[in-house]
Amino acid sequence: MSTSNLSNEVIAKIEDLRRRLDRANYLYYVKDQPEISDAQYDSLMRALQELEARYPQAVTPESPTQRVGATPLTEFTPHVHLAPMLSLANAFGEDELRAFDERCHKALELPSDEPIEYVCELKFDGLAVSLTYQDGKLIAGATRGNGMQGENITENLKTIKAIPLNMHNSKLDKPGAKPIPNLVEVRGEAILTHDEFHRINDEREESGEPTFANPRNAAAGSLRQLDPKITAMRRLTMFCYGVGAYEGVDFESQNKVLCALGDWGFKVNPNVKVCTNIDEVAAYINDWHTKKEKLPYDIDGMVVKVNSFAYQSQLGSVARSPRWAVAYKYPAMQATTVIIDIIVGVGRTGALTPVAIMEPVEVSGVTVSRATLHNEDEVHRKDVRIGDTVVIQRAGEVIPEVVEVVKEKRKGTEVEFHMPTKCPVCNADVERAPGEAVARCVGIACPAQIRENIIHFTSRTAMDMDGIGPALVDQLIESGLIHDPADLFFLKAENMAILDRMAQKSAENAYNAIQASKTAPLSRLIYALGIRHVGERTAAALAEHFGNIDAVTNASEEVLAEVPDVGPVVAASVVRFFHQEETAEVLRKLKEAGIDPKVEGRQQTEAFAGKSIVFTGALTKLTREQAEQLVYKLGASPSSSVSKKTSLVVAGEKAGSKLDKAHSLGVPVISEDEFLEMVKESGADL
């Protein structure tokens, strides 16, 4: 749309906000080097959203506000690739890898002793996509499809913050740097990390939805959502590794392509090696055969490409595969074993999960004897029975799972599984809500839930109590020394020293680990409490937004729902959690133990702590961003909407509907000068 009727000041402000947000996204999601806090990012985003709402003619498709917000689609439209997305031929061993090298030598008419330079790249296990940019702006994104035509999933891809909406040229002065092309198709792989995969499955399991079998299926399903908001909640990332069609730029080699993609703002995987010959390629592949297990995402092989574009052009393609590249596939991480039994575990939210107990078998160098069966529907869908011979699979750090039953080996003595109607731990009723896939124990004092809550509380990503493992937790509970997580902080070393297999030194180490955890930040404490739907990232968002546990405890659903990474479902869950008597008792004991963390840099003033404050109208002494940062620093929560839970409205000049709503709801309203006087009287150190 035309911006001719906008003042230069407004245009400059909008462009500055977009530039700062684009830089923040790039540093956080591509470079892993954030330079501003989440609160500062949120403040910038709110400022841009308000300007674009006031001047809708200024909204552009590549604005950071457009990453999420498109209306749900009814279907995906076709997208024709400008250059085909070719599939790769496979190599399943070193002999086949060397045969590929021989074919390249023969086709290029090179002597066998003249080495060919190759580029080795990790082969990601996700969903291949193509991004089309014109004059540096993202205009389309699509799936691979049949290689010639895919599905247009632009709005979903825009939610992946590792994908730049605007290409930039950060290193144009670098020798050999490439200018932004007039047109380019950027090729890459959208993936889910193991942490995000587990988070999504935990949330789906808790809400009664079927879980995903593996990160690849979850990534593919996320990108084929008709509602981009659902895709955004899945937090995918993307590694870019090549180009299709391009105009206005030239490339000499695959390595130059990777360098250019990095310079233009794309996320390029650092685990790339330029090899001078096929021997180096083989060594690199063998090196990663074991190292791949430590990656935070799945790979299933290594892609080997002839580096020289001149050689690539000479080699050409056959059918739909290039002659200049091959995908080396690592051996499948599967094995066959027999199910001895199917037991039911009870999680910290009461969810019942069937687990297969199997004859021990080695999978990818690890001996496993258990595999998850996810839920009752999954057991019946795969028709898994006690006594069955099954194929199990282990990928990366994902828990082993049963892939399929080898029905040809059935003897007729196998036993079908049925979910118990009583909790196997406390004998309370088991209920399965209509439409949910997960059955739950409804026992309020179920020992399994208490145990899992405490184990979660002490875990590395929560309060990080090194040495307080499941075995010790079991003894502490059975001996009556603890009944909830807060009791851990009242333990003495001598209490633990009398437990079985607990020497004095071990007891002292456990005591010291508990004491050391008292300095854990607020985000870890919130996560450690085990609130349903609240993972590490959401806990960090709550901590950053509210600054102290009391503010989170007292926040309304409306205020909570405005926090990034929260939303209405999580907000309702947080409110339910903090309204329980058991939660109040745990928090009371935590404070008694001296645990009441605050976010660094925030002052908990009596006048502002825990309050929700809305600014409306034009401020004259502060910018909206400065005002919101100020109340945040003083312990309050800046909000963009007025409700019955709003503590205070600060009205500037030409205040509109928000002021009217505040009056109708009886919310206190003050002027900007009164607000500044209130700040002064609070004694804040500004």
**Prompt:** Met463 passes all but one of (1) farther than 30 Å from Tyr41 by Cα; (2) outside any helix (DSSP H, G or I); which number fails?
**Reply:** (1)
**Request:** Please find, within the stretch 322-336, the residue that is surrounded by the fewest Cβ atoms within 10 Å (Cβ to Cβ) out of those that are assigned to a strand (DSSP E or B) and under 33 Å from the mean Cα position of the chain (by Cα).
**Result:** Thr336
**Message:** Looking at the stretch 544-563, I want the residues that are closer than 17 Å to Pro597 by Cβ and have a partner that is in a loop (DSSP other than H, G, I, E, B) and of a type in the set (Lys, Arg) with Cβ atoms under 7 Å, at least 6 apart or on another chain. Which pairs are those?
**Reply:** Gly547/Arg602
**Prompt:** Which of the residues spanning the stretch 553-567 are within 27 Å of Gly443 (Cα to Cα) and either buried (at least 22 other Cβ atoms within 10 Å of the Cβ) or modelled with pLDDT of 90 or more (or both)?
**Reply:** Thr553
**Request:** All but one of (1) touching a residue at least 24 places away in the same chain (Cβ under 8 Å); (2) of a type outside the set (Val, Ile, Thr); (3) surrounded by fewer than 18 Cβ atoms within 10 Å (Cβ to Cβ) hold for Asp95, so report the exception by its number.
**Result:** (1)
**Message:** Can you tell me which residue is farthest from Arg451 (Cα to Cα) among those in the stretch 340-361 that are under 30 Å from the mean Cα position of the chain (by Cα) and surrounded by fewer than 17 Cβ atoms within 10 Å (Cβ to Cβ)?
**Reply:** Val355
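This table checks each residue for (1) under 21 Å from the mean Cα position of the chain (by Cα); (2) of a type outside the set (Phe, Trp, Tyr); (3) farther than 19 Å from Tyr29 by Cα.
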| position | (1), (2), (3) |
| --- | --- |
| Cys120 | no, yes, yes |
| Lys123 | yes, yes, yes |
| Leu127 | yes, yes, no |
| Asp135 | no, yes, yes |
| Arg144 | no, yes, yes |
| Met148 | no, yes, yes |
| Thr154 | yes, yes, no |
**Request:** Report whether or not Val679 is aliphatic (A, V, I, L, M), touching a Phe, Trp or Tyr at 6+ places or on another chain (Cβ under 9 Å) and over 10 Å from Phe615 (Cα atoms).
**Result:** yes
**Request:** Sort out which residues of the stretch 438-471 are surrounded by fewer than 19 Cβ atoms within 10 Å (Cβ to Cβ) and over 19 Å from Ile531 (Cα atoms), and write them in order of number.
**Result:** Asp466, Gly467, Gly469, Pro470, Ala471
**Message:** So in the stretch 568-600, with the set limited to residues that are over 18 Å from Ala539 (Cα atoms) and modelled with pLDDT under 85, which one is surrounded by the fewest Cβ atoms within 10 Å (Cβ to Cβ)?
**Reply:** Glu581
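Yes or no, residue by residue, for (1) part of a strand (DSSP E or B); (2) within 28 Å of Arg532 (Cβ to Cβ); (3) in contact (Cβ under 8 Å) with a residue 60 or more places away in the chain; (4) not assigned by TED's automatic domain parsing to the domain that holds Glu205:
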position	(1), (2), (3), (4)
Thr353	yes, yes, yes, yes
Met358	yes, no, no, yes
Val368	yes, no, no, yes
Val379	no, yes, no, yes
Val390	yes, no, no, yes
Glu408	no, no, no, yes
Asn427	no, yes, no, yes
Ala433	no, yes, yes, yes
Glu436	no, yes, yes, yes
**Request:** Would you confirm whether any residue within the stretch 608-615 is closer than 20 Å to Ala561 by Cα, crowded, with 18+ Cβ neighbours inside 10 Å, touching a His at 6+ places or on another chain (Cβ under 7 Å) and of a type in the set (Gly, Ala, Ser)?
**Result:** no
**Request:** Could you check how many residues of the stretch 136-170 are on the phi > 0 side of the Ramachandran plot and among the hydroxyl-bearing types (Ser, Thr, Tyr)?
**Result:** 0
**Subset of the stretch 146-179 [touching a strand residue (DSSP E or B) at 6+ places or on another chain (Cβ under 6 Å) and among the small types (Gly, Ala, Ser)]** = Gly150, Ala162
**Message:** Here's a check for you: in the stretch 1-49, which residue that is small (Gly, Ala, Ser) and modelled with pLDDT under 80 is farthest from the chain's Cα centre (by Cα)?
**Reply:** Ser4
**Message:** Go through (1) within 30 Å of His194 (Cβ to Cβ); (2) at pLDDT 90 or above; (3) surrounded by 16 or more Cβ atoms within 10 Å (Cβ to Cβ) for Lys518 and report which single condition fails.
**Reply:** (3)
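Each row is one residue, and each column tells you yes or no for (1) touching a residue at least 40 places away in the same chain (Cβ under 8 Å); (2) buried (at least 23 other Cβ atoms within 10 Å of the Cβ); (3) within 21 Å of Phe239 (Cα to Cα).
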| residue | (1), (2), (3) |
| --- | --- |
| Asp113 | no, no, no |
| Ser130 | yes, yes, yes |
| Ile153 | yes, yes, yes |
| Asn156 | yes, yes, yes |
| Pro164 | yes, yes, yes |
| Lys174 | yes, no, no |
| Arg187 | yes, no, yes |
| Glu205 | yes, no, no |
| Arg216 | yes, no, yes |
**Message:** Return the pair list, or none, for Cβ contacts closer than 8 Å from residues in the stretch 287-299 that are outside any loop (DSSP other than H, G, I, E, B) to residues that are surrounded by 17 or more Cβ atoms within 10 Å (Cβ to Cβ) and acidic (Asp, Glu), at least 6 apart or on different chains.
**Reply:** Ile299/Asp125
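The values are calculated or read from the model by the stated rules, or taken from the named source; none is laboratory data. What you see is a predicted model; the values in this text were computed from it and never measured. Here Cβ is always computed from backbone atoms with ideal geometry, including for glycine, and neighbour counts include all displayed protein chains.
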